[in-house]
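Engineer: Mind having a look at this structure? Questions to follow.
Every number here is computed from the coordinates shown, using simple stated rules; none is lab data. If you're wondering where the values come from, they're calculated on a predicted model, not measured in any experiment. Here the Cβ positions follow ideal geometry from the backbone for every residue, glycine too, while neighbour counts run over all protein chains shown.
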Amino acid sequence: MIKTTKLRRYTDTRGYLVENTDPEIIAGSKHFLYTTTAPGIIRGNHYHEHKVEWFCIIKGKCRFVTEDIKTKKREEIVISDTDDLVFRTEPFVAHAMENAGDTEMIFLGFVNEVLDKEKPDTYTYKVI
C-alpha cells in the first residue's frame, strides 16, 4: 500500500538540492500544497475515492499510517526530512500523518486533481 520513491540529493558547500526521480509524480500532478504541523499533531484521517497523492517531508519527522478501507490492511512508516522519500496514497486507502518529531514538520504534497470545494472527494476515516 505505501509506495515510496527515493529522491536524488546533491550536496555541496552551498547546502543541498533534492530532486524528483519519478516522472509519474510530475505527469500525474495537477495541484500541489504544503503544510506546517506542530509536534504531536495529526493531519489526514481520511481517504479519497479517486485522488492520488504524493507527499514528501521537507522538514521534521512524520509517522505515516494507512489503512485500506476495503481489506482493512494497515501499514505504518516513519519518514524524516533526511530520508529523501516521496510516499504515495491510492484511492480507498485512508491515511494520516503525525508529526513524530520535536520540531515543526513541513510536507509538500502533489495531487492528481485540483481540489473541487463542491465535491472535495475527502471522506473522514480514523486511522490514528
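Engineer: Given the options Leu17, Leu108, Leu85, which has the most mean-square fluctuation in a GNM of the chain, springs set between C-alpha atoms less than 10 angstrom apart?
Structural biologist: Looking only at Leu17, Leu108, Leu85, the largest GNM fluctuation is found for Leu17.
Engineer: Give me Rg over Rh for the chain, both radii from the alpha carbons and Rh done the Kirkwood way, two decimal places.
Structural biologist: 0.97
Engineer: Further, regarding this structure: 7 Å from Cα along Cα→Cβ at both Asp12 and Glu104: what's the point-to-point distance in nm?
Structural biologist: 2.9
Engineer: I would also like to ask the following. Treating only the Cβ atoms of Lys and Arg (+1) and Asp and Glu (-1) as charged, compute the dipole magnitude of the chain about its Cα centre; round to the nearest 20 debye.
Structural biologist: 160
Engineer: Hey, another quick one. Work out how much length Leu33 to Ile58 would gain on full extension: take 0.36 nm times their residue separation and subtract the Cα-Cα distance, in nm to one decimal.
Structural biologist: Once the chain is fully extended between Leu33 and Ile58, it gains 7.8 nm.
Engineer: Show me the ranking of peptides 112-121, 61-70, 36-45, 23-32 by mean Cβ neighbours inside 10 Å, starting with the highest.
Structural biologist: Put in order of decreasing packing, that is 61-70, 36-45, 23-32, 112-121.
Engineer: Another question about this same structure. As a check on your grasp of the helix formula, calculate [θ] at 222 nm for the chain: sum -39500 (n - 2.57) over DSSP H runs of n ≥ 4, divide by the residue count, round to the nearest 500.
Structural biologist: Mean residue ellipticity, 222 nm, calculated: -1000 deg cm²/dmol.
Engineer: So, one more: Compute the FRET efficiency between Asp22 and Thr71 as 1/(1 + (r/R0)^6), taking r as their Cβ-Cβ distance and R0 = 30 Å, and round to the nearest 0.05.
Structural biologist: That gives a FRET efficiency of 0.75.
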